[in-house]
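The values are calculated or read from the model by the stated rules, or taken from the named source; none is laboratory data. Please read these numbers as outputs of a predicted model, since none were measured by experiment. In this analysis, Cβ positions are derived from the backbone assuming ideal geometry, glycine residues included, and neighbour counts consider all displayed protein chains. The area values use the complete protein model at the heavy-atom level, side chains included, leaving out ligands, DNA and RNA. Shrake-Rupley method; radii C 1.70, N 1.55, O 1.52, S 1.80 Å.
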Amino acid sequence: MAKKDTTVYTCSECGYSQPRWLGRCPQCSSWNTFVESTAASSGKTLATLNAPTQKMKPVPLSEVNALEGSRIATGSEEFDRVLGGGAMKRSVILIGGEPGIGKSTLLIQTCAAVSKKSSNKALSASKMRLTGETSGKVLYVSGEESASQIKNRADRLSLDTSNIQILCTTRLEDISDALDELVPSLVIIDSIQTVSSIEAGNIPGTISQLKYCAAELIGWAKERDTVMIMTAHITKDGNIAGPKTLEHMVDTVLSFERTADDVRFLRAEKNRFGSIDELGIFSMGDKGLSEISDPSALFLTRRDGAFPAGVAVTAVFEGSRAFLVEIQALTVPAKSSMTRVYSDKIDSARVSRVAAVLEKRAGLKFSDQDIYINVAGGVRLSESAIDSALAASLYSARTDIALKEGTVIMGELSLAGEVRPVVRLKQRIKAAQSMGFERVVAPDKEDGVSIVAQSIKDMIRLLFA
């Protein structure tokens with residue numbers, strides 16, 4: 001005899017449920033968020049259907065086999081670099097970015113590259129479930145676009161889509177059935193905010209829906225040699241929409257950013273299988289996203305005339321590679337009694353600190369000036385090795401004296417006015433020399449260093465004498 005369904009009220013914000021309606025949720029204190037739903041007492045949930053067939057038991061860590069070849073190449077060296085050498089099997093990647101930045105373009109290009117290298121295996125679904133092997137197929141799940149729209153994009157990019165399976169749905173149950181049937185080696189969920197399940201309520205996009213659907217999909221991927229990539233919406237502040245728990249549940253969190261032009265930056269904010277210091281650089285064109293293998297050519301301005309005042313060049317490290325960037329400074333008299341620092345690519349607090357050191361140690365007044373800082377190419381800089389170049393650009397802008405062309409400045413600046421050493425100086429010097437820069441200013445005497453400056457006074461005297 002079938003049992004009667006039970007009526008429950010679930011909070012759409014936190015997922016708290018109880019048998020009667022309340023105006024205010026006792027768990028998250030949200031008002032008017034309880035939604036009526038039915039829970040079948042005899043029904044099976046997706047967690048039950050996807051439960052492992054074998055009971056898991058603890059084993060000694062020393063006996064675990066660290067499998068070789070456990071990464072999948074995405075077909076893009078920049079994408080692989082940010083992931084730490086490729087996408088790790090049995091991992092889930094969350095990528096966020098503003099609308100229209102190119103997330104779907106990057107993922108459809110990745111699908112085409114992976115599907116070329118994969119080979120379909122004649123294995124039964126039950127055997128793949130037990131062994132964790134995959135069929136080698138690629139599944140693209142879209143909850144925002146139709147199949148024809150995705151096909152049009154792939155044709156415009158001249159991609160081979162013969163081995164790509166497409167599923168346009170927002171129902172978790174449909175996705176679960178397709179995953180169990182295909183057992184693909186790569187799964188794209190575009191986007192996780194559009195996926196919903198009747199088990200988590202009737203309103204898609206809520207916190208409870210995101211937690212439930214993400215947990216089910218992640219649990220499926222962890223039991224098989226599958227790479228799952230989810231796209232995510234972002235808020236107006238640039239953060240991934242939804243609960244912070246979503247970022248903790250996945251293995252890798254990537255951020256896709258853009259500059260004013262067609263340049264795209266891919267960064268890792270969290271990576272369990274690699275570094276978070278790597279930077280992937282792409283250019284958006286008619287044929288999709290193309291890699292930029294030489295970033296220095298992007299971040300340096302080509303000039304035919306004289307070198308302007310307020311510009312300094314430094315060598316920075318992003319992950320495993322060094323490249324040159326151009327820091328641009330401008331100082332103008334403050335329009336009011338309050339001075340301001342306008343800098344979005346370098347932390348404004350760092351700019352204020354360097355200006356204060358110059359005012360105290362070099363006798364240059366900035367207290368009545370508005371300061372504008374820009375980085376050519378739009379890349380964000382955070383490492384301390386840029387302090388000396390930032391100080392030189394500020395001094396040059398304030399005095400209207402230009403630096404000599406072909407000069408690269410490196411060094412960390414202390415509050416006492418000392419120029420401190422930087423890590424991996426040899427690689428930075430090599431990068432500068434490869435771009436044709438002859439004068440290298442650094443605090444350490446090293447092969448290739450033309451000017452040794454261990455204080456801000458010495459650096460200014462040698463550069464602006």
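Between the helical axis of 147-156 and the longest alpha-carbon principal axis of the chain there is an angle of about 40 degrees. You can think of it this way: the chain between Leu157 and Lys335 has 59.1 nm of extra reach, that is 0.36 nm per residue less the Cα-Cα gap. Assuming 1.002 mPa s and 20 °C, estimate D for region 291-414 with Stokes-Einstein, Rh taken as the Kirkwood radius over Cα pairs, in µm²/s. In µm²/s, the coefficient is 145. In order along region 238-244, the phi-based Karplus estimate (6.51 cos²θ - 1.76 cosθ + 1.60, θ = phi - 60°) of 3J(HN,Hα) comes to x, 8, 5, 5, x, x, 5 Hz; Gly and Pro are listed as x.
So, R0 is 60 Å and r is the distance between the beta-carbons of Asp447 and Asp177; what FRET efficiency does that work out to, to 0.05? Step by step, r from the Cβ atoms, then E = 0.40. Shown here for region 386-465: trypsin sites (Lys or Arg not before Pro) in loop regions (DSSP other than H, G, I, E, B) with at most 10 other Cβ atoms within 10 Å, namely Lys404, Lys445. In terms of its C-alpha gyration tensor, region 302-359 comes out oblate, because a/c is 1.5 or above while a/b does not outweigh b/c.
With a threshold of 19 Å on the Cα-Cα distance, the over-threshold entries among Lys117/Lys137; Lys116/Lys137; Lys287/Lys345; Lys57/Lys222; Lys89/Lys211 are Lys287/Lys345; Lys89/Lys211. Students often get this wrong: which residues of region 295-325 have the backbone nitrogen under 11 Å from the point 7 angstrom along Cα-to-C-beta of Ser275? Answer for region 295-325: 317-322. Compared with the alpha-carbon gap, the fully stretched path from Ser62 to Ser348 is longer by 98.1 nm at 0.36 nm per residue. Bridges between two residues of the chain, per DSSP, are antiparallel at a rate of about 55%. Summing Lys and Arg as +1 and Asp and Glu as -1 over all other residues whose Cβ lies under 13 Å from the Cβ of Tyr16 gives a net charge of +2.
In region 182-271, what percentage of the DSSP-assigned beta bridges are antiparallel, given to the nearest 5? Rounded to the nearest five, the antiparallel share is 65 percent.
Between amide H atoms placed 1.01 Å from N, distances below 5 Å from Glu144 occur with Ser191, all of them 5 or more places distant or on a separate chain.
Residue separation of Thr6 and Thr399 scaled by 0.36 nm, minus their Cα-Cα distance, works out to 133.8 nm of gained length.
Backbone phi angles across region 384-392, fed through the Karplus curve with coefficients 6.51, -1.76 and 1.60 (θ = phi - 60°), yield HN-Hα couplings of 6, 5, 8, 4, 5, 5, 5, 5, 5 Hz in residue order; Gly and Pro are listed as x. The trypsin sites (Lys or Arg not before Pro) of region 196-276 that DSSP puts in a loop, and whose beta carbon has at most 13 other beta carbons within 10 Å, are Lys236, Lys244, Arg272. For region 367-375, 3J(HN,Hα) computed residue by residue from phi via the Karplus equation (6.51, -1.76, 1.60; θ = phi - 60°) reads 5, 10, 10, 8, 10, 10, 10, 9, 10 Hz, glycine and proline entered as x.
For a straight C-alpha distance cut-off of 14 angstrom, the aspartates and glutamates reachable from Lys365 (same-chain residues fewer than eight places away being disregarded) are Asp400.
What share of the DSSP beta bridges in region 271-390 is antiparallel, in percent to the nearest 5? Around 85 percent of the beta bridges assigned by DSSP in region 271-390 are antiparallel ones. Whose amide H sits under 5 Å from the amide H of Ser30, counting only residues 5 or more places off or on another chain, with H placed in the peptide plane? Amide H neighbours of Ser30, under 5 Å, 5+ apart: Cys25.
With R₀ fixed at 25 Å, the C-beta to C-beta distance from Ser290 to Arg424 puts the FRET efficiency at about 0.35. How high is the FRET efficiency from Lys365 to Asp237, r the C-beta distance, R0 41 Å, rounded to 0.05? After rounding, the FRET efficiency stands at 0.70. Straight-line cross-link partners of Lys335 among the aspartates and glutamates, defined as a Cα under 19 Å from its Cα and at least 8 positions apart when in the same chain: Asp368, Asp370. Expressed as a whole percent, the accessible surface of the chain that belongs to carbon and sulfur atoms is 49, based on a 1.4 Å probe. Counting only protein heavy atoms and a 1.4 Å probe, the chain has 49 square angstrom of accessible area per residue.
Can you tally the net charge around Leu172? Count Lys and Arg as +1, Asp and Glu as -1, for every other residue whose Cβ sits under 11 Å from the Cβ of Leu172. Its environment carries a net charge of -4.
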